[in-house]
Amino acid sequence: KGRKCASKVSVLFNQMESDMYNLVPAIGSLNAMRSDKPFGIIEGEVKEFGETIDMEITSKMVEIMPSKRGNVARVMLYMNKKYGVQFPDHNQTVEMLKEWDLADPEDDWEYQKKQILKATYGMEF
């Protein structure tokens, strides 16, 4: 029945939703457009949002710009490892995320965020 129902009945959902590593600043309207579409590579896409916005969206998929793919991949792989989150076409998606992780190393913002989360909440990654 969706997020509202899950937040009422699932302790695990509430843990996942409030996990500080999973929380990332986002443009709300783009996040709403993304909805629950899977990430991937959109061949020949039109840069509808320009070169500075982090995503392109089709009716079936969302493409993240190369400089942010690792950021997305690391959060998704973390959620999979910590909470057992499954993805559409799971094995293929995990392989893609691992490739994105390697191709786009952790940036300063991610490093600083992890250090703060470790110091504040004792989180391990």
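Only the coordinates and a few stated rules stand behind these numbers; no lab work does. A quick note: this is a predicted structure, and the numbers were derived from the prediction, not measured. Note: ideal-geometry Cβ built from the backbone for every residue, glycine included; neighbour counts use all protein chains shown.
Things worth noting here:
- Radius ratio Rg over Rh of the chain, counting only Cα atoms, Kirkwood formula for Rh: 0.96
- Label-to-label distance, MET20 versus LYS68, with points set 7 angstrom from Cα along the beta-carbon direction: 2.3 nm.
- Distance (nanometres) between label positions extended 7 Å along Cα→Cβ at TYR111 and ASN80: 2.5
- GNM remark for the chain: springs join alpha carbons under 10 Å apart, and the peak mean-square fluctuation among GLY44, GLY70, GLY28 falls on GLY44.
- Here the range 100-125 and the range 59-82 have alpha carbon centers that stand 14 Å from each other.
- Oblate is the label for the range 61-115. Its Cα gyration tensor axes, ordered a ≥ b ≥ c, give a/c of at least 1.5 and b/c at or above a/b.
- Choice from ASN71, ASN14, ASN80 with maximal GNM fluctuation in the chain (Cα, 10 Å cutoff): ASN14
- Overall form of the range 7-46 per C-alpha gyration tensor (a/c, 1.5; a/b vs b/c): prolate
- Mean Cα-pair separation over length for the chain, i.e. relative contact order, pairs under 8 Å, 6 or more apart, %: 20
- Computed from the C-beta positions of SER59 and GLU124, the FRET efficiency with R₀ = 41 Å rounds to 0.60.
- Counting neighbouring beta carbons within 10 Å and listing from fewest to most, the residues ASP108, ASP19 come out as ASP108, ASP19.
- Here the relative contact order of the range 52-125, from alpha carbon pairs under 8 Å that lie six or more residues apart, stands at 29 percent.
- VAL62 long-range amide H proximity, modeled H, under 5 Å: PHE39, GLY40
- Residue order for ILE42, ILE64, fewest other beta carbons within 10 angstrom first, comes to ILE42, ILE64.
- FRET efficiency, 1/(1 + (r/R0)^6) with R0 25 Å, evaluated for LYS8 and VAL94 via beta carbons: 0.25
- Ranked for footprinting exposure by Cβ neighbours inside 10 Å, fewest first, LEU117, LEU12, LEU97 give LEU12, LEU117, LEU97.
- Mean residue ellipticity, 222 nm, helices only, the chain: the sum of -39500 (n - 2.57) across DSSP H runs of n ≥ 4, divided by residue count and rounded to 500, is -16500 deg cm²/dmol.
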